[in-house]
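Trainee: Here it is: the structure, laid out below.
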Amino acid sequence: QIVRSGATAEVGGTNSGMVNVATKEGSNKLHGEAFYTLRPSWATSADAFGHALSNWQNTFGTSLGGPIRHDKVFYYAGFEQDLLQAPYFTQFAPQAAATLVPTALLNLQGQVFRKSSPTAVSGRGDVSLSTANTLNLQIVVNRVRSSQIGDGSSRSIATQNHASSLSGQSVWSKVSLTTLISSH
């Protein structure tokens, strides 16, 4: 889950983005799942000002987990891809009769087709060292590519050369050792 703005209260006071990743662990049985979610543009309602927008979203992914060595070594891997078109509408409020709005500004009005395609890939391996100790390794790769996020005008604070696209990726890993001190 990639949140670029509008984080909930549980995150605290922040105006930055965040990436939330949840993983599963492997087991002695092979488990997997796949999903596909479609939100077509015809199922999208108009915005608060009555503009019909061409929103659509395709989300798909898969995960697989299982044993490498029975009761000893397990794996889990997951992949998710979102294809999102989330346009917004730019329109100026009505002006007084004597106010002349420059043509260059008037041309900025209308629907802007913003597209985004975040991708997340995660992997996990668990090794049972003993009945009380488990070694865990996780690695996660996230990538986002967005276009039409602005044109260097008031829609974006980016420079003219870089305002229409955004891309980036992050990679993180974690190694942990879990020790069970007591079953009680």
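Trainee: For residues in the stretch 153-184 being exposed (fewer than 10 other Cβ atoms within 10 Å of the Cβ) and over 26 Å from Gly123 (Cβ atoms), which is modelled with the highest pLDDT?
Mentor: It comes out as Ile181.
Trainee: I've got another one for you. Tally the residues that are in contact with a strand residue (DSSP E or B) (Cβ under 7 Å, 6 or more places away or on another chain) and open to solvent by 40 Å² or more (accessible area, probe 1.4 Å), restricting the search to the stretch 116-134. It would help to see each step written out before you state the result.
Mentor: Going through the stretch 116-134, the residues in contact with a strand residue (DSSP E or B) (Cβ under 7 Å, 6 or more places away or on another chain) turn out to be 116-129, 132-134.
If we keep only those that are open to solvent by 40 Å² or more (accessible area, probe 1.4 Å) too, we end up with 121, 124, 127, 129, 133-134.
Total meeting the criteria: 6.
Trainee: Something else about it: Report yes if Leu137 is open to solvent by less than 80 Å² (accessible area, probe 1.4 Å) and touching a residue at least 12 places away in the same chain (Cβ under 8 Å), otherwise no.
Mentor: Values: open to solvent by less than 80 Å² (accessible area, probe 1.4 Å): no; touching a residue at least 12 places away in the same chain (Cβ under 8 Å): yes.
No: the conditions fail for Leu137.
Trainee: Checking Ala98 against (1) out of contact with any Lys or Arg (no Cβ under 6 Å at 6 or more places or on another chain); (2) under 20 Å from Glu33 (Cβ atoms); (3) not β-branched (Val, Ile, Thr), which single condition isn't satisfied?
Mentor: It fails just one condition, (2).
Trainee: I'd like the full set of residues that are part of a strand (DSSP E or B) and open to solvent by 80 Å² or more (accessible area, probe 1.4 Å), limited to the stretch 65-115.
Mentor: Of everything in the stretch 65-115, those that are part of a strand (DSSP E or B) and open to solvent by 80 Å² or more (accessible area, probe 1.4 Å) turn out to be Ile68, Arg69, Lys115.
Trainee: Within the stretch 1-37, take every residue that is open to solvent by 100 Å² or more (accessible area, probe 1.4 Å) and assigned to a strand (DSSP E or B) and give me the one that is modelled with the lowest pLDDT.
Mentor: Selected residue: His31.
The values are calculated or read from the model by the stated rules, or taken from the named source; none is laboratory data. All values reported here derive from a predicted model rather than from experimental measurement. Quick reminder, even Gly has a Cβ in these numbers, built from the backbone with ideal geometry, and neighbours come from all protein chains shown. Just so you know, the surface numbers come from the protein's heavy atoms only, side chains and all, with ligands and any DNA or RNA stripped out. Shrake-Rupley method; radii C 1.70, N 1.55, O 1.52, S 1.80 Å.
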